[in-house]
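The numbers here are math on the coordinates, done by the rules we state, and not lab data. This structure is a prediction, so every number in the text was calculated from the model and none was measured. FYI the Cβ positions are ideal-geometry reconstructions off the backbone, even for glycines, and counts take in every protein chain you see.
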């Protein structure tokens, strides 16, 4: 059973995503480049952002997802969002995704710590066996970020999705398995200076 949870690190706190985060998040969604390859669509319009937040409500109660606002501890403001979704407790797997960050927080440790907290919750609390991540094959920045997390390349699903702009997306998959988590945890801890 999934339970609503808040995950806190030294840089960020992952709070259950709610409409109360919309004002902060609206300021993080204005860069159209963020949505170029993103599977959730283009959230530059406030109505679309609110529709997304509404669409993921109830996933925790249904046992299929945990959706978070990424809140910086030093400011108390949400600077992005992320999810542990497509959860199957029966098969002990989930996906980390639906992530976006304010432009100014990229390469600051915010994303690394957010992913660390999600992996830690997935493997140590939920006892999952597999956590996957995926991105568009054209999104080299995202692929490098996933690889820096320690996830292993698995392959590409061709013509996997049709994006909001009508283009076809080939999706590259990565994963971390429970037996790999101790090494990934150690490497991420070093990167975070913990």
Using 0.36 nm times the number of residues separating residue 54 and residue 168, minus their current alpha carbon distance, what extension gain do you get? 38.5 nm
Rotationally averaged projected area of the chain (alpha carbon convex hull; nm²): 10.2 nm²
Cα-projected label distance for residue 127 with residue 77, points at 7 Å along beta-carbon direction, nm: 4.2 nm
Stretchable slack from residue 120 to residue 27, in nm (0.36 nm times residue separation minus alpha-carbon distance): 30.6 nm
What value, in deg cm²/dmol to 500, does the helix sum -39500 (n - 2.57) over DSSP H runs of n ≥ 4 give at 222 nm once divided by the residues of the chain? -7500 deg cm²/dmol
When only alpha-carbon atoms are used, what values of Rg and Dmax, in angstrom, describe segment 32-95? 13.5, 38
With a Förster radius of 30 Å, plug the Cβ-Cβ distance of residue 157 and residue 47 into 1/(1 + (r/R0)^6) and report the FRET value to the nearest 0.05. 0.45
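If you count, for each residue, the other Cβ atoms within 10 Å and average over each peptide, how do 151-163, 114-126, 97-109 line up from highest to lowest?
So the peptides 151-163, 114-126, 97-109, ranked by packing, come out 114-126, 97-109, 151-163.
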In whole Å, largest first, the alpha carbons of segment 143-194 cover along the principal axes 43, 21, 13
